[in-house]
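To start, the structure under review is shown below, and the notes come after it.
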Amino acid sequence: MTDWTIATAAEIAETVRSGEVSASTVVEACLARIDAHDSAIGAFTHVAHERARARAAGIDAMIKRGEDPGPLAGVPFAVKNLFDIKGIATLAGSKINRDLAPASRDAVLIERLEANGAILLGALNMGEYAYDFTGENYHDGPSRNPHAPEHMTGGSSGGSGAAAAAGFVPLTLGSDTNGSIRVPSSLCGLFGLKPTYGRLSRSGSFPFVASLDHLGPLARSAVDLALSYNAMTGPDPVDPVCTDRIDPPVTLTASTAIDGLRIAKAGGFFEEGGHQEAFDAVAKICTALGVSQTLPIENAALARASAYLITMAEGASLHLDRLRTRHADYDPDVRDRLLAGAMIPGAWVTKAQKFRSLFRAQMQALFEEVDVLIAPATPCVAPRIGQKTFMLGGKELPVRPNLGIFTQPISFIGLPVVSVPVWLEGSPLPIGVQIIAAPWREDIALRVAAWLEENGHVSAPVATLKEKAV
Amino acid sequence: MTQDEFDPDAIARSMLAYLGLPDEPAYRPGIVAHLVAARGIAAGLLALPLDDEAEPAPVFKP
């Protein structure tokens with residue numbers, strides 16, 4: 001019998017559409033794995049058993065009637081708990097939001113995935129209010145890395161990384177303000193897509209930093225990223241940033257070609273400060289792609305600094321009233337960062353926004369010369385849960401704000417990125433590499449990721465989970 | 001006090017009062033650490049000369 005918990009979304013959809021297996025069978029397999037193992041992983045904060053079963057029955061009824069539920073027919077998925085799910089409060093990883101009224105409708109991206117046949121299985125753990133790169137939630141406990149449960153998933157979309165790597169669902173959604181899709185993708189060994197800023201609607205999600213917030217998918221194959229991405233694109237007048245442009249859907253075939261693409265390694269800032277495994281992973285990908293050119297990315301440190309300051313200030317602005325009235329209910333680490341953020345001078349933040357325009361122009365000029373840049377996703381493999389500091393560039397630095405040093409300059413100007421999972425020889429833990437493309441060219445980043453996957457250079461296996469002690 | 005010397009604890013206390021935010025002793029070390037880190041991170045950006053015509057990108061379009 002097929003184990004549906006290790007199948008990709010594409011495999012599930014094809015089999016469900018053909019009538020070879022029911023959506024209910026797939027959903028029950030995933031729910032059984034969640035029920036058996038999630039107490040040891042901490043991926044979910046809400047499992048929507050009844051909703052998922054009802055939805056699967058509806059998909060199966062469509063198949064019986066000869067109707068096509070869509071390209072994601074019967075694909076189970078789950079979302080970071082900052083996405084609205086009708087009927088439950090949107091926690092955004094917090095204690096405070098437990099007092100909110102239940103959401104009256106699903107987030108737009110959930111609606112779009114379900115309109116294409118997918119089935120929501122629940123809400124996922126995350127760092128409080130997304131101000132986190134570790135995946136350690138103060139209230140719900142940490143999400144644990146399925147490949148090594150004493151290690152971090154990365155965050156803030158920690159549950160999104162854990163659920164996909166554990167084989168609970170083949171597809172999850174996360175958010176990425178400074179790296180919160182790419183960091184857990186890297187540490188959990190997944191493919192993660194942070195689309196171009198403004199590509200996917202953020203309607204019905206709890207915000208963090210409006211200037212920098214993105215939503216996107218994590219999965220165990222590049223094809224699954226493309227399938228879900230195609231289903232989620234499209235204008236949304238409710239999100240003022242969401243683009244009206246409509247590009248052709250991304251099609252990845254079994255013989256995806258990367259011929260003709262100009263690919264370079266990102267130099268300078270992206271070659272410094274990380275551990276050796278981060279640079280070994282980049283070298284492995286560059287060798288596979290035949291990359292010989294290195295382009296120094298000038299001002300990347302300033303881009304990271306600017307994103308850091310904008311995040312502090314906009315995050316504080318969002319939470320200012322709650323900091324007055326509910327300060328004791330925050331994760332102390334988040335609270336102190338937000339309180340300090342309220343004190344960041346406006347002149348600094350405005351200068352950061354001005355620099356954003358300059359850095360965008362600088363990178364647009366660079367993308368006249370190349371189509372793709374290769375850079376590390378994280379400075380190291382997953383640290384241990386509870387680890388507070390690590391050594392970067394000869395300095396002891398806090399883990400929480402620094403796991404995203406290589407992702408932060410890229411999302412600062414909204415470039416599309418696919419993080420691909422690399423397994424270095426002898427290492428039990430994966431690490432990600434960023435495939436970075438020009439604005440609106442998600443198709444190129446996905447093509448490169450798919451080529452690397454097809455040719456065996458990257459992979460996202462389901463973790464082997466320990467049987468629960470009886 | 002020179003330009004490079006500042007008292008983050010005094011700034012934290014003053015700004016908490018200015019902003020009407022809670023000044024709990026237990027919060028202060030964390031706030032101070034973040035203020036110091038942010039000033040260090042900002043230094044390079046603040047040293048960068050910008051033209052007067054430079055436009056911010058509050059609604060950013062790639």
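The values are calculated or read from the model by the stated rules, or taken from the named source; none is laboratory data. Quantities reported herein were computed from a predicted structural model and do not represent experimental measurements. In this analysis, Cβ positions are derived from the backbone assuming ideal geometry, glycine residues included, and neighbour counts consider all displayed protein chains.
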Assigned to a loop (DSSP other than H, G, I, E, B) and modelled with pLDDT of 95 or more - does that describe any residue in region A:264-272?
yes
So which residues in region A:236-268 are within 24 Å of A:Val209 (Cα to Cα) and either within 14 Å of chain B (Cβ to nearest Cβ) or among the charged types (D, E, K, R) (or both), if there are any at all?
A:Asp236, A:Asp239, A:Pro240, A:Val241, A:Cys242, A:Thr243, A:Asp244, A:Arg245
So which of A:Ile405, A:Ile413, A:Ile344, A:Ile385 ends up being under 25 Å from the mean Cα position of the chain (by Cα) and either closer than 14 Å to A:Ile310 by Cβ or among the small types (Gly, Ala, Ser) (or both)?
A:Ile413
Of the conditions (1) surrounded by fewer than 22 Cβ atoms within 10 Å (Cβ to Cβ); (2) modelled with pLDDT of 95 or more, the single one that A:Phe191 does not satisfy is (1)
Looking at region A:360-407 only, could you name the residues that are of a type in the set (Ser, Thr, Tyr) and surrounded by fewer than 20 Cβ atoms within 10 Å (Cβ to Cβ)?
A:Thr389
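Return the total of residues in region A:418-446 being crowded, with 24+ Cβ neighbours inside 10 Å and either away from every other protein chain (no Cβ under 14 Å) or of a type outside the set (D, E, K, R) (or both).
Qualifying residue count, region A:418-446: 15.
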Exactly one condition in (1) at pLDDT below 95; (2) over 27 Å from A:Arg335 (Cβ atoms); (3) within 9 Å of chain A (Cβ to nearest Cβ) is false for B:Pro58; which is it?
(2)
The residue that is surrounded by the fewest Cβ atoms within 10 Å (Cβ to Cβ), considering only those in region A:323-339 that are more than 27 Å from the chain's Cα centre (by Cα) and in a helix (DSSP H, G or I), is A:Thr325
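Run down A:Leu252, A:Leu212 and say which single residue is closer than 24 Å to A:Ile96 by Cβ, outside any strand (DSSP E or B) and not basic (Lys, Arg). Lay out the reasoning, then the answer.
Working: A:Leu252 fails: closer than 24 Å to A:Ile96 by Cβ.
A:Leu212 is the lone residue from the list that is closer than 24 Å to A:Ile96 by Cβ, outside any strand (DSSP E or B) and not basic (Lys, Arg).
So that you can scan it fast, the table gives a plain yes or no per residue for (1) of a type in the set (A, V, I, L, M, F, W, C); (2) in contact (Cβ under 8 Å) with a residue 12 or more places away in the chain; (3) out of contact with any Phe, Trp or Tyr (no Cβ under 8 Å at 6 or more places or on another chain):
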{"position": "A:Thr8", "(1), (2), (3)": "no, yes, yes"}
{"position": "A:Ser18", "(1), (2), (3)": "no, no, yes"}
{"position": "A:Asp35", "(1), (2), (3)": "no, yes, yes"}
{"position": "A:Arg53", "(1), (2), (3)": "no, yes, yes"}
{"position": "A:Arg65", "(1), (2), (3)": "no, no, yes"}
{"position": "A:Leu72", "(1), (2), (3)": "yes, yes, yes"}
{"position": "A:Ile85", "(1), (2), (3)": "yes, yes, yes"}
{"position": "A:Arg105", "(1), (2), (3)": "no, yes, yes"}
{"position": "A:Ile110", "(1), (2), (3)": "yes, yes, no"}
Would you confirm whether or not region A:216-228 contains a residue that is under 21 Å from the mean Cα position of the chain (by Cα) and free of Cβ contacts under 8 Å to residues at least 60 places away in the same chain?
yes
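May I ask you to say which residue of A:Leu392, A:Leu415, A:Leu452 is more than 14 Å from chain B (Cβ to nearest Cβ), in contact with a helix residue (DSSP H, G or I) (Cβ under 8 Å, 6 or more places away or on another chain) and either among the hydrophobic types (A, V, I, L, M, F, W, C) or closer than 14 Å to A:Pro184 by Cα (or both)? Reasoning before the result, please.
On the way: A:Leu392 fails: more than 14 Å from chain B (Cβ to nearest Cβ); A:Leu415 fails: more than 14 Å from chain B (Cβ to nearest Cβ).
Unique residue meeting the criteria: A:Leu452.
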What number goes with the only condition from (1) within 11 Å of chain B (Cβ to nearest Cβ); (2) more than 26 Å from the chain's Cα centre (by Cα) that A:His319 does not pass?
(2)
Residue tally, condition in a loop (DSSP other than H, G, I, E, B) and within 7 Å of chain A (Cβ to nearest Cβ), over region B:8-55
8
Looking at (1) more than 7 Å from chain B (Cβ to nearest Cβ); (2) out of contact with any Asp or Glu (no Cβ under 6 Å at 6 or more places or on another chain); (3) outside any loop (DSSP other than H, G, I, E, B), which one does A:Glu298 not meet, given that it meets all the others?
(3)
If a residue must be more than 10 Å from chain B (Cβ to nearest Cβ) and hydroxyl-bearing (Ser, Thr, Tyr), how many such residues does region A:335-385 contain?
1
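Considering only residues that are assigned to a strand (DSSP E or B) and of a type in the set (Phe, Trp, Tyr), which ones fall in region A:169-201? Walk me through it before giving the result.
Here is the first cut: in region A:169-201, the ones assigned to a strand (DSSP E or B) are A:171-176, A:191-194.
Selection gives A:Phe191 alone.
Have a look at A:Ser157, A:Ser186 and point out the one that is farther than 22 Å from A:Lys95 by Cβ and either modelled with pLDDT of 95 or more or surrounded by fewer than 24 Cβ atoms within 10 Å (Cβ to Cβ) (or both). Break it down stepwise before answering.
Working: A:Ser157 fails: farther than 22 Å from A:Lys95 by Cβ.
Of A:Ser157, A:Ser186, the one residue that is farther than 22 Å from A:Lys95 by Cβ and either modelled with pLDDT of 95 or more or surrounded by fewer than 24 Cβ atoms within 10 Å (Cβ to Cβ) (or both) is A:Ser186.
Does region A:142-162 include one or more residues that are farther than 24 Å from A:Pro421 by Cβ and either free of Cβ contacts under 8 Å to residues at least 60 places away in the same chain or among the small types (Gly, Ala, Ser) (or both)? Even if it seems obvious, please write down each step before you answer.
Step one: list which residues in region A:142-162 are farther than 24 Å from A:Pro421 by Cβ, which gives none.
Checking region A:142-162: not a single residue is farther than 24 Å from A:Pro421 by Cβ and either free of Cβ contacts under 8 Å to residues at least 60 places away in the same chain or among the small types (Gly, Ala, Ser) (or both).
Check region A:16-23 and report whether any residue there is acidic (Asp, Glu), surrounded by fewer than 18 Cβ atoms within 10 Å (Cβ to Cβ) and assigned to a loop (DSSP other than H, G, I, E, B).
Step one: list which residues in region A:16-23 are acidic (Asp, Glu), which gives A:20.
Filter once more, so that each one left must be surrounded by fewer than 18 Cβ atoms within 10 Å (Cβ to Cβ): A:20.
Okay, now just the ones that are also assigned to a loop (DSSP other than H, G, I, E, B), so A:20.
For region A:16-23, residues acidic (Asp, Glu), surrounded by fewer than 18 Cβ atoms within 10 Å (Cβ to Cβ) and assigned to a loop (DSSP other than H, G, I, E, B): present.
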Sort out which residues of region A:178-219 are of a type in the set (A, V, I, L, M, F, W, C) and more than 15 Å from A:Thr407 (Cα to Cα), and write them in order of number.
A:Cys188, A:Leu190, A:Leu200, A:Phe206, A:Phe208, A:Val209, A:Ala210, A:Leu218, A:Ala219
Tally up the residues in region A:234-259 that are without any contact (Cβ under 8 Å) to a residue 40 or more places away in the chain and among the β-branched types (Val, Ile, Thr), please.
3
